[in-house]
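Undergrad: Before anything else, here's the structure in question.
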Amino acid sequence: MKKIIAFFIFSMVIGSLYGLSDVKVELQFFTQTYRLNDPIPVMVNVVNTSKEKFQFDVSSLIYETFFFEVKTPKNEDIVINDLFQIEMKNNYSSSEDYRKITLNSGESFSKTIDINQWYQVKDSGYYFIKGVFYPNPDDKSKKLESVYYKILVKPPLMIESDLIKEEQAKTAKLNQVKLLPPYEVVADMIDAKMKKDWDRFLIHIDAERLINSFDNYALEYKNAKSGQYALEVLERFRQYLTVYWQDIVESYSINKSTIEGDKAQVECDIRYLLRNVSYDARYTFILYKNHNGEWLVEDYIVHMVK
């Protein structure tokens, strides 16, 4: 997260510096949301904000004058597609092909380019795009850049509709398992672990209570200086739970379940497989019923391992 914040601060500083040069590079998108595989047209504007004339050359190969940087929220560069790389490799222009442009004060020069023709935008999600302008196509060391602009690329409409239906079905199923009795909660939690269905696995656990059984996380959570940091500790703990019991579960059996009011204990045996060797462990999972009527695991005890 710190890297991303620094990345955007750096971008804003660059934009400010180019503003001081009295020539601005701006991008204009026709919408902030696009569909995967659809065109992503963007208008690149070079604006002369000075009181003097500004002259530059425009290549007949527009990518020698204008270019882009496209990044993901993780600051990863999106690669140029193969056909466009071949085109750039095989085609060159000369100064004889350049068109000289003169902008008076307040005038601008614009060109619309489809980013999807140049870059491999293969996944849905957010992208950050910066425009790059070379006033002299022969000198790539001198360039002006825009700030980063944020767009959202959604899945194709039919796929998005299918994804929404899948998500709704998954949510409905999770809502059902939330209301299982204690012994079925433990059985479903172990089954979810066997199938690496971590959403279903974690839905049965009260991480805020279970964290107290893990000394390092408990201390960090207790000493959290802000609510936001406490939430980050909890999230890291949830992720840890998905790798904590990494031995393969071969089988399990629920031995007994006792319920007293809003408290319950479930004893079960689990057979694990580690490097082709099996071993058994007996657990007592301790659960409580919350205000929504959901039974959640808040602690556990390991009785024996053999």
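The values are calculated or read from the model by the stated rules, or taken from the named source; none is laboratory data. Keep in mind the model is a prediction, meaning the values are calculated, not measured. Quick reminder, even Gly has a Cβ in these numbers, built from the backbone with ideal geometry, and neighbours come from all protein chains shown.
Undergrad: Need the failing condition index for VAL147 against (1) under 30 Å from SER50 (Cα atoms); (2) touching a strand residue (DSSP E or B) at 6+ places or on another chain (Cβ under 6 Å); (3) assigned to a strand (DSSP E or B), just the number.
TA: Here VAL147 meets the rest and fails (2).
Undergrad: Which ones in the range 82-97 are surrounded by 14 or more Cβ atoms within 10 Å (Cβ to Cβ) and farther than 25 Å from ASN116 by Cα?
TA: If the condition is that a residue be surrounded by 14 or more Cβ atoms within 10 Å (Cβ to Cβ) and farther than 25 Å from ASN116 by Cα, then ASP97 is the only one that fits.
Undergrad: Ok, one more. For the range 127-142, which positions are among the charged types (D, E, K, R) and either over 23 Å from the mean Cα position of the chain (by Cα) or at pLDDT 95 or above (or both)?
TA: Step one: list which residues in the range 127-142 are among the charged types (D, E, K, R), which gives 130, 138-140, 142.
Across the range 127-142, the qualifying residues are ASP138, ASP139, LYS140, LYS142.
To keep it simple, each residue is scored yes or no on (1) touching a residue at least 12 places away in the same chain (Cβ under 8 Å); (2) touching a Ser or Thr at 6+ places or on another chain (Cβ under 8 Å); (3) not assigned by TED's automatic domain parsing to the domain that holds SER141.
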| residue | (1), (2), (3) |
| --- | --- |
| VAL46 | yes, yes, no |
| PHE54 | yes, yes, no |
| VAL58 | yes, yes, no |
| TYR63 | yes, no, no |
| PHE66 | yes, no, no |
| THR72 | yes, no, no |
| ILE80 | yes, no, no |
| ILE86 | no, no, no |
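Undergrad: Considering only helices (runs of 4 or more DSSP H) fully contained in the range 200-306, which possess at least 1 residues that are under 37 Å from the mean Cα position of the chain (by Cα), aromatic (Phe, Trp, Tyr) and surrounded by 14 or more Cβ atoms within 10 Å (Cβ to Cβ)? I'd like the intermediate steps shown before the answer.
TA: Values: elements: 207-210, 215-222, 227-244.
By residue number, 215-222, 227-244.
Undergrad: Taking the condition over 39 Å from the mean Cα position of the chain (by Cα) and surrounded by 12 or more Cβ atoms within 10 Å (Cβ to Cβ), does SER105 pass?
TA: Numbers: over 39 Å from the mean Cα position of the chain (by Cα): yes; surrounded by 12 or more Cβ atoms within 10 Å (Cβ to Cβ): yes.
Yes; evaluated as a whole, the condition is true for this residue.
Undergrad: Just the residues that are under 30 Å from ASP22 (Cβ atoms), of a type outside the set (Gly, Ala, Ser) and touching a Leu at 6+ places or on another chain (Cβ under 7 Å), please, taken from the range 85-129.
TA: Answer for the range 85-129, where residues must be under 30 Å from ASP22 (Cβ atoms), of a type outside the set (Gly, Ala, Ser) and touching a Leu at 6+ places or on another chain (Cβ under 7 Å): PHE109, ILE129.
Undergrad: Quick one: count up the residues across the range 85-126 that are part of a helix (DSSP H, G or I) and of a type in the set (A, V, I, L, M). Talk me through it step by step, then tell me what you get.
TA: We begin by selecting, within the range 85-126, every residue part of a helix (DSSP H, G or I); these are 85-90, 95-97, 115-117.
Restricting the remaining residues to those that are of a type in the set (A, V, I, L, M) gives 86, 88, 115.
Selection size over the range 85-126: 3.
Undergrad: Take the conditions touching a residue at least 60 places away in the same chain (Cβ under 8 Å) and out of contact with any Pro (no Cβ under 8 Å at 6 or more places or on another chain) and apply them to LEU296. Does it pass?
TA: Working: touching a residue at least 60 places away in the same chain (Cβ under 8 Å): yes; out of contact with any Pro (no Cβ under 8 Å at 6 or more places or on another chain): yes.
When the stated conditions are applied, LEU296 passes them.
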